[in-house]
Structure formats: structure tokens, C-alpha cells
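Contents: one structure, followed by commentary.
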Amino acid sequence: MEPVTSGEGARRRRQATAEVKQGLRALSAELALLNRRVGTQLGLKDIDLDCLDLINAHGPLSPTALAQRAGLHAATTTGVLDRLERAGWVARDRDPADRRGLLVRALRERNGELLALFAGMNSSVDRICADYDESALELLADFLRRTADAGRLATEELTDG
């Protein structure tokens, strides 16, 4: 086996980085399609499902905080919340810290429907993870966290600009 020259090593690194970026684009596209199918099954628009996911992950949230996290205009957020509330996915409650404010919370009893529709993907990810040892999984989790943070930052920069 021949030693790798610095030029050859740099080329391989660029190629591997390009493959990671391509993999992330492919993953993003496939997850968007999966989410669209799940939303269709539930009678939700893409943005409704995105907001429901944000509420489940970070809620309860004020409508303003949800709008900021989702990058939506306040009026659009109101429409999303109206649809989610009518469909029985969320409830709007008075904010105990500010009686004039509202907090939106997910109605957890509906989460089983979401989990059932994502069960195939979750099982596939479990099988994939079984092929990796703990240190590799920690590395992958770190990469995904940092990549999600980079995506959030890029989104904020576009929103602010």
C-alpha cells in the first residue's frame, strides 16, 4: 500500500465531504416526502405537521415563539394553530405567568397516531443503529446535532437578512 500524499489526502477529504453533503440532501428529500405522506394520512398540511413537531419538541409555546421557531408570519401561525386545534392536535391555554398571553400545547393522547405512521422509519433506524458500536453512535449523534444547529443558524441568517 502506497503512502497517501497530502494532495491525495486533501482530494479524498473533499470527496468524502461532498458525499456527506449529498447524503444529507438525499436524507432531507426522503424525510420531506415521508412527512408529506404522514401529513396526508392525518389530514395536515406540511407546515401544520412541522409546527406540531415544534410544539411537541419545545412546547408549550406562545404563538409568537412558535412563529419565530417556524419562521412564519403571525397571521400564518394563527391559521396553522386554528387548523391544529380544530383537528384535535393542540390546545391553547392561558399563560399562567401572563394572563393576557396564550400557550399552545400538544394533546399527547394523539401522539400514538403519529408514532404509528413513523413506525416503519423508526424500526429501520433501529436496525441501522444496531450495526454501529456506542462510540460510532455518539459520533453520529454529535454530527447530526451540530448539523441541525448549522441548519438552524443558516435559517436564522436568511430570516434576519
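Computed across the chain, the Kirkwood hydrodynamic radius from all distinct Cα-Cα pairs reaches 18.7 Å. Annotation for GLU134 and LEU158: the two label points, set 7 Å from Cα along the Cα-Cβ direction, are 3.9 nm apart. Can you give the percent of C-alpha pairs in the stretch 82-146 whose distance is more than 14 Å? For the stretch 82-146, the share of Cα pairs beyond 14 Å comes to 73 percent. Solvent-accessible surface of the chain, averaged per residue with a 1.4 angstrom probe and all protein chains in place: 72 square angstrom. Helices that extend 20 Å or more along their long axis by alpha-carbon positions and average at least -1.0 on the Kyte-Doolittle scale are, among the DSSP H runs of the chain, 6-42, 134-160.
When +1 charges are put on Lys and Arg Cβ atoms and -1 charges on Asp and Glu Cβ atoms, the dipole computed for the stretch 55-161 relative to its Cα centre reaches about 680 debye. In this structure, ASP98 and ALA150 have a Cβ-Cβ separation that, at R0 = 30 Å, corresponds to a calculated FRET efficiency of about 0.35.
Placing R0 at 35 angstrom, the Cβ-Cβ distance between THR76 and ARG12 gives a FRET efficiency of 0.20 after rounding to 0.05. Relative contact order for the chain: 16 percent, from Cα pairs under 8 Å spaced at least 6 residues apart, divided by residue count.
Taking one quarter of the surface of the convex hull spanned by the alpha-carbon atoms of the stretch 108-160 gives a direction-averaged projected area of 5.5 nm². Have a look at LEU84, ALA32, PHE118 and report the one farthest towards the positive end of the charge dipole of the stretch 24-161, computed about the Cα centre with Cβ charges (Lys/Arg +1, Asp/Glu -1). Value computed over the given set: LEU84.
The values are calculated or read from the model by the stated rules, or taken from the named source; none is laboratory data. Keep in mind that this is a model prediction, so the values were computed, not measured. Every residue, glycine as well, gets a Cβ built from its backbone with ideal geometry; the counts of neighbours run over all protein chains shown. Ligands, DNA and RNA are excluded from the accessible area calculation, which covers all protein heavy atoms including side chains. Shrake-Rupley method; radii C 1.70, N 1.55, O 1.52, S 1.80 Å.
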